[in-house]
2 protein chains.
Amino acid sequence: MKKFSYKSLFDVTQNIFEKIGLPPDEAYQAADILLQAELRNIPTHGLMRMPEYINLWKTKRITVKPDFKIIRQTPSTALVDGGKGFGLVTGPKAMKIAIEKAKNAGTGWVAVRNTYHYGIAGYYAMMALEHDMIGISMTNANPLVAPTFGLTGMLGTNPIAVAVPTKNQPPFVADFATAPVARGKLDVMVEKGLDAPEGVLQDKYGHPTTNAAALREGGALKTLGGDPERGGHKGFCLTAIVDILTAVLPGANFGPTVVPTLGYVKDKKNSEDKGIGHFFGAIRIDAFQTAEEFKEYMDEWITTFRKAETIPGKERVIIPGDPERESEKEKLKNGIELSPKTLKSLLEITSEFGLNFPEQ
Amino acid sequence: MKKFSYKSLFDVTQNIFEKIGLPPDEAYQAADILLQAELRNIPTHGLMRMPEYINLWKTKRITVKPDFKIIRQTPSTALVDGGKGFGLVTGPKAMKIAIEKAKNAGTGWVAVRNTYHYGIAGYYAMMALEHDMIGISMTNANPLVAPTFGLTGMLGTNPIAVAVPTKNQPPFVADFATAPVARGKLDVMVEKGLDAPEGVLQDKYGHPTTNAAALREGGALKTLGGDPERGGHKGFCLTAIVDILTAVLPGANFGPTVVPTLGYVKDKKNSEDKGIGHFFGAIRIDAFQTAEEFKEYMDEWITTFRKAETIPGKERVIIPGDPERESEKEKLKNGIELSPKTLKSLLEITSEFGLNFPEQ
C-alpha cells in the first residue's frame, strides 16, 4: 500500500469538499474528521467514504448549503434539523451546542435529524475533553443488524462513543459499533478469502454462517453477544436504545426505515427521507466534583486497569483509546497508507474535479 | 416451589424493613422495588436478596437513618451522597431529583455515592414514564467481570436500564446486565448440574471454561461479546462506561475497589468503603418533540419490530419489556413462587424478628 503524509491528504480532502461547494471552514472541518479516522486507524470511516459522500451530493440527497436549524430547546437540550447537510458539518455544530448548554446547565444534549454519515463517533465525544467535560456521541446507520430472532437487518451498527477527561493519563476514549464485527472488517475477510468468526452472522434464511460475504447476500449481522444464551438480547437492547435516542427522539428515519446508502441494502420501506439521526451529550465534570478531584480519580481508574494481571499470552489490558492514540503518533510520523481501492477512487474524484493528487 | 400472593409477600417485606428501623414510607418503597423484581420474573434481584440486605445492616455497612445529602448541583445535575443508606431508599429519592431537574432544565442527571445494591435497574428508569420522560438508570456492583485480556473479575455486571414512553403500545423497557450471563442464572446451572455456554466464562488461570461454578472457584465472567473477534472489547467499553458514570463521577468505589457483598469475592484492595454508585437520567420528551408526536413515532418503532420476519423456529421478535410485563400479569393473578432457599431464609428472618410469615 502507498503512504502519504497527513498534511497532503488533509489538503486534498479539504480541496475536494471546497470544490463541491462547502465553505472553506466547513471543508476544513469535514477533512479534519476524515483524517482523524485515518490517523486513528479506522480507515472504514476515513477517505474510503469519499465516493459515497460525493455520490450523495451528486444525487442531491445531501446539500452543501443546508438550512441548519434549532427547532426546539430547553436549558440543557436542543433539537436540531440538519437540513440534509453533511453529518461531517452538522455533527460538530450540534456537539458545540451541547457543550455550550453544559456550560450553563451542567449538561447539554442535542438530537439531530435530517443528517447523514458523520464519520467516527469518537471525534465528537473528544470535542468535550478540552472543556473538562465527558463527551458522548451516537448515530444510527444503514440497517444491517437483525434483532434477536429477527430474519433481516433492521438496525444499524449504531456506534457509541464516550470520552472522559484525565489528569496525567491520556483520556479514556471508547468508540465502538454496537454490532459484534465492523462491516469494514468483514469486507477485508472477503478480500482475503477468510471465514468470519462463528456466532456473528446469519444467512438470508436466518441460519448461522461464517460466510464473510453474508451481508451482500441477503444475510445480517447478529447483535453484540450473538445468541441469547451469550447475551445477544442485551446487544439488541443496546443497539435499539441508540436507534431510539438518535432517530425516534429527533424524528429521523429509524432502524429499517433508514434510506440506505449502501448499494446492497434493500430500501425496505420506500421511506420519506428524514435522514439518519445523531445524539450528542456533554457532561460538565465540575457539576459533580471539582475537575481536579475527578481527573485524579479517573487516572487511578486507568492505572488500575492498565496494570491488571492478564490471561496467558496477553501482555496488557488495553485501555479504550490507547491503540488509536498509538496509531495517530505512528502515522503522523510515517504517513498514512491508503488501500488500492481508496487510492483509485480518490484519483478519479480529483481528476474529475481538476485537482492535484499528492505525490507519495 | 410454593406460591404466595403478591400482597402477602409485599406486607411481610415491608414489615421486615420496618422492623430493622426504616420509616414506614421507606419500608414501603423498598418492598415495592423487591416485589416488582419478583413480579417481573427477576428473582435474583427480589426477595432472594433479603439475607444480604439484613447482613449489611447487621454489620453496620448500611444504616437505616442515612444522612442523604445533595453535595453539589446545577440546573440539570446533582451529586448525591447516600450516607450509606439502602440503595432501595436512596435510589428512588435520587431518581425523583433527576425528574424534578428535567421539568425545568429539559433533562436531569443524578450521580450517587455511598449507596448499596438498589434492586432492579428498570424500576428507576420506569419512574420517568408517567412524566412523559425517558428514564435511564445504571449501577456498578461486585467485581465479577474480567476486562478483555484481564485475568480476574474487575468490573461489576453493571446493568443499564432505559424506559421509553409510548402511546397505545406498552412502554419500551430495556433492563440488562452488561455481562453476557447473569450470576443468578449461573447459580441455577450449578444447582441443575448443567454446563455454562461456551464463551462466557474463564477459570482462575484465564482459560475458557464451561464450568458454571467458575466464579466461586476464582474465575471470572467475560464481557458481553466474549472474545475480541466477537466484539468482547466492545462489551468491556460498555461495562467500563457504566463504572465510570456510576462510580468515578460521584466518587464511589469503582471496579475492583468495590467492597464485596458476596462471600466468594475477595476484597482485593482493602478499600475505604465509599459504597457503590448509581447514575440516573430523565429526558423530557417535549424538550425534543411534542410528547404526542414522539409517542406515536415510538409506537411505530415498536410495531415495526414486533411484526418483523423471524428466523426458523422463533415466533416473534421480543420487544424489551414484553416478557416482564407478561410475567407481572401472570404472577399478580396466580401468585409468586419462591425458591426453597429464598423461602427458608425469609422464614428464618421473620422468625428472628417475631414476624408472621404468610400462609400459602
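The values are calculated or read from the model by the stated rules, or taken from the named source; none is laboratory data. A quick note: this is a predicted structure, and the numbers were derived from the prediction, not measured. Reconstructed Cβ throughout: ideal geometry from the backbone, glycine too, with neighbour counts over all protein chains shown.
A few notes on this one:
- Qualifying residue in region B:124-134 (condition: closer than 22 Å to B:E52 by Cα and crowded, with 23+ Cβ neighbours inside 10 Å): yes
- Checking region B:186-194 against the condition returns a match, with at least one residue being modelled with pLDDT under 95, β-branched (V, I, T) and over 16 Å from A:H233 (Cα atoms).
- Evaluated against (1) out of contact with any strand residue (DSSP E or B) (no Cβ under 6 Å at 6 or more places or on another chain); (2) facing another protein chain (nearest Cβ under 7 Å); (3) within 30 Å of A:T107 (Cβ to Cβ); (4) of a type in the set (K, R), A:K167 falls short on exactly one condition, (2).
- Comparison of A:V265, A:V248 shows that the only residue that is more than 7 Å from every other protein chain (Cβ to nearest Cβ) and β-branched (V, I, T) is A:V265.
- Within region A:307-340, considering residues that are out of contact with any Ser or Thr (no Cβ under 8 Å at 6 or more places or on another chain), among the hydrophobic types (A, V, I, L, M, F, W, C) and not in a loop (DSSP other than H, G, I, E, B), the one nearest to A:P171 (Cα to Cα): A:L332
- Within region B:138-161, residues that are in the same structural domain as B:Y123 (by TED's automatic domain parsing) and over 17 Å from B:F280 (Cα atoms) have Cβ atoms under 6 Å from residues that are part of a strand (DSSP E or B) and among the hydroxyl-bearing types (S, T, Y) in these pairs: B:F149/A:T310; B:L151/A:T310, counting only partners at least 6 apart in sequence or on another chain.
- Listed conditions (1) more than 8 Å from chain A (Cβ to nearest Cβ); (2) farther than 25 Å from B:R49 by Cα are all met by B:N253, apart from (2).
- If you go through region B:334-356 and keep only what is charged (D, E, K, R) and touching a strand residue (DSSP E or B) at 6+ places or on another chain (Cβ under 8 Å), you end up with just B:E337.
Each row is one residue, and each column tells you yes or no for (1) in the same structural domain as B:A125 (by TED's automatic domain parsing); (2) of a type outside the set (D, E); (3) under 19 Å from the mean Cα position of the chain (by Cα); (4) surrounded by fewer than 23 Cβ atoms within 10 Å (Cβ to Cβ).
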position	(1), (2), (3), (4)
B:S8	no, yes, no, yes
B:L34	no, yes, yes, no
B:N41	no, yes, yes, yes
B:L47	no, yes, yes, no
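- Region A:55-103, residues that are of a type in the set (A, V, I, L, M), farther than 16 Å from A:I33 by Cα and either in a helix (DSSP H, G or I) or in contact with a Lys or Arg (Cβ under 9 Å, 6 or more places away or on another chain) (or both): A:L56, A:I62, A:I71, A:A78, A:L79, A:V80, A:I97, A:A98, A:I99, A:A102
- Within region A:317-328, the residues that satisfy the criterion of being more than 11 Å from A:Y6 (Cα to Cα) and either more than 11 Å from chain B (Cβ to nearest Cβ) or of a type in the set (F, W, Y) (or both) are A:D322, A:E324, A:R325, A:E326, A:S327.
- Pick from region A:149-160, criterion within 11 Å of chain B (Cβ to nearest Cβ) and crowded, with 24+ Cβ neighbours inside 10 Å, ranking: farthest from A:A247 (Cα to Cα): A:G150
- Among the conditions (1) at pLDDT 95 or above; (2) surrounded by 12 or more Cβ atoms within 10 Å (Cβ to Cβ); (3) farther than 30 Å from A:A146 by Cβ, B:M298 misses just one, which is (3).
- Matching residues, region B:13-30, being of a type outside the set (S, T, N, Q), surrounded by fewer than 21 Cβ atoms within 10 Å (Cβ to Cβ) and assigned to a helix (DSSP H, G or I): B:E18, B:K19, B:P24, B:D25, B:Y28
- Search result, residues across region A:1-38 that are aromatic (F, W, Y), under 13 Å from A:G335 (Cα atoms) and in contact with a helix residue (DSSP H, G or I) (Cβ under 8 Å, 6 or more places away or on another chain): A:Y6, A:F10
- Exactly one residue out of B:K341, B:K307, B:K314, B:K274 is at the interface with chain A (Cβ under 10 Å from one of its Cβ atoms) and of a type in the set (D, E, K, R), and it is B:K314.
- B:F68 being closer than 26 Å to B:S345 by Cα, aromatic (F, W, Y) and more than 14 Å from every other protein chain (Cβ to nearest Cβ): no
- The test for being surrounded by 20 or more Cβ atoms within 10 Å (Cβ to Cβ) and farther than 16 Å from A:I120 by Cα does not hold for A:F68.
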